[in-house]
1. Could you give me the ³J(HN,Hα) list for the range 219-230, computed from phi with Karplus coefficients 6.51, -1.76, 1.60 and θ = phi - 60°, whole Hz, x at Gly and Pro?
2. Can you pull out the GluC sites (Glu not before Pro) in the range 114-143 whose DSSP state is coil and whose Cβ has at most 13 other Cβ atoms within 10 Å?
3. Roughly how many percent of the accessible protein surface of the range 204-328 is carbon and sulfur, given a 1.4 Å probe and a whole-percent answer?
Amino acid sequence: MSNFFPKLKVFCRNMTVVRCKILTNKMTGKNMLFSSSGFFKTLSTLQPPEKAVVIVTTAEYNKVTGSWYKRGATCGSFTSISSNPPIVSFSIQMPSRLHNLLLRTKKFAIQVLSEQQVHYSLHFSKHCEEDIDQFANIPHHIDSHGNVLLTDMVALLVCKAQAAHLVGDHYLWLGNVEMAWHCKNAEPLLYWRRTYRSLGDELFLKAFEELTLPYEYWDHEAHLRLAWNYIKEYGKEAATPLVKSGIQKFNEVNKDKVKRDYHETVTIFYIELICLAMNESKVAQLSFDDFLLSNKHLLDRNLLFEYYSPDMLSSQQARIRLAILRTP
């Protein structure tokens, strides 16, 4: 057996440990490297092409404060495990505040979204600080059993947690279905897994490219997310025209809402900063949220003014072609 399966080798590059296996091609006799990046690419081809998007929620009542602590997360890994008894599963990436809360509540609700509810999927896929109420602007109610139920879902499953397992970098949760409703006749929100992106990034790009992204989500962070995903997938040179044309198409569709037209200098400036941050990163982030947590300076809207004067940025010349940087 040792002749066919040589020992695992551990490569350290830029402080990142990558585990890989050397396999022997019986036809050619050549060694083939099965790396982590190759694993992700292969796995994406094995995924069912379309998956339903669900929101998993749970809540805990605090008797001291007289308030509810609620958490929710977008999941694309929802699976039916057993029909008798009915058991379902989902997985969430670690670390997770939802996971920590589930350990206490031992229950959760799975809510199936409709095609018109992409904004919910984007909202619950974003990083949220501990002291922020995720449900502040989301229509919902808490039922008599303490379950957080979103409004106007396609379907709903209320579950009692059966078990949780740490599997690699995810927590796998299993739940016994106690109640189930098909709430309305509507097409569920599906996503097509084209690459091994995070669910939040995949849903964002799908909505952006189909020009269905709600305009209220088209903020500075969304511009960064767009550029990061395209650069990661295509490289800087190929990504740059995609970012530029994508922004212009989206702005044209939303021209009645856009306050500022496309700006060439601002766009190229942030593409360069994102590339610099990606090149300097010592850890290969698998999601935009991971990247942003390590590069919070990119959220500073005043960063531009360290390199450009307000007069220069407001000029028509800077809007249509890249302006020359000044020394910060």
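1. Couplings: 10, 4, 5, 5, 4, 5, 4, 4, 4, 4, 5, 5 Hz.
2. Glu129, Glu130
3. Roughly 53 percent, rounded to a whole number.
The values are calculated or read from the model by the stated rules, or taken from the named source; none is laboratory data. Nothing here was measured: the structure is a model prediction, and the numbers come from that model. Note: ideal-geometry Cβ built from the backbone for every residue, glycine included; neighbour counts use all protein chains shown. All accessible areas refer to the heavy atoms of the entire protein, side chains included, with ligands and DNA or RNA removed. Shrake-Rupley method; radii C 1.70, N 1.55, O 1.52, S 1.80 Å.
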